[in-house]
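A.B. asks: The structure follows.
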Amino acid sequence: MKKTEAQPIGDIINEVFARSGHQADAARYRALTNWVNVVGPGVNALTTRRYVTESGAIHVFISSAAVKADLMFMRSSLIDSLNEFAGAPGVITELIIH
C-alpha cells in the first residue's frame, strides 16, 4: 500500500465536495451554521428557525420584533459576514427575516 502525505480533514472534505460538484452546497451550509458567529449568542437565542435555499437566500425567523428591525438595517453587512464564513463571495445573495 502506497503511503501518502497527511492532509488536514478540512482539505479532504473540500476536495470531495469539489469532485462531486457540491461546493456551493457546502458553502451555503457553512454560512448557515455560522449564523451564531455573525449575530452573536443573544440574537441567536431569539432565532427560532433558519434555512438556506439553493438560490442563496437565508431565511431566519426571529421571535423579537425589535431585533428583527435592527437586523433589517444591518442586512447587507450580515450578508457580507455570512459570505466570509462561507469562504466564497456571492454564495449568500439575500437575507430574509421573518
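The values are calculated or read from the model by the stated rules, or taken from the named source; none is laboratory data. This one's a predicted model, so the numbers in the text were calculated from it and none came from an experiment. Here the Cβ is made from the backbone with ideal geometry for all residues, glycine too, and neighbour counts use every protein chain on show. Please note that ligands, DNA and RNA were not included when accessible areas were found on the heavy atoms of the full protein model with its side chains. Shrake-Rupley method; radii C 1.70, N 1.55, O 1.52, S 1.80 Å.
A.B. asks: Can you confirm whether PRO89 is open to solvent by 60 Å² or more (accessible area, probe 1.4 Å) and either among the hydrophobic types (A, V, I, L, M, F, W, C) or not in a helix (DSSP H, G or I) (or both)?
C.D. replies: Values: open to solvent by 60 Å² or more (accessible area, probe 1.4 Å): yes; either among the hydrophobic types (A, V, I, L, M, F, W, C) or not in a helix (DSSP H, G or I) (or both): yes.
Taking the combined requirement at face value, the residue satisfies it.
A.B. asks: Show me the helices (runs of 4 or more DSSP H) entirely contained within region 1-77 in which 3 or more residues are surrounded by fewer than 14 Cβ atoms within 10 Å (Cβ to Cβ), on the phi < 0 side of the Ramachandran plot and without any contact (Cβ under 8 Å) to a residue 60 or more places away in the chain.
C.D. replies: Values: elements: 9-20, 23-33, 35-46, 65-73.
Output list reads 9-20, 35-46, 65-73.
A.B. asks: In region 77-97, how many are under 14 Å from VAL39 (Cβ atoms) and not aliphatic (A, V, I, L, M)?
C.D. replies: Quick first cut of region 77-97, residues under 14 Å from VAL39 (Cβ atoms) only: 77-82, 84-85, 92, 95, 97.
When the remaining residues are screened for being not aliphatic (A, V, I, L, M), the result is 77, 80-81, 84-85.
Selection size over region 77-97: 5.
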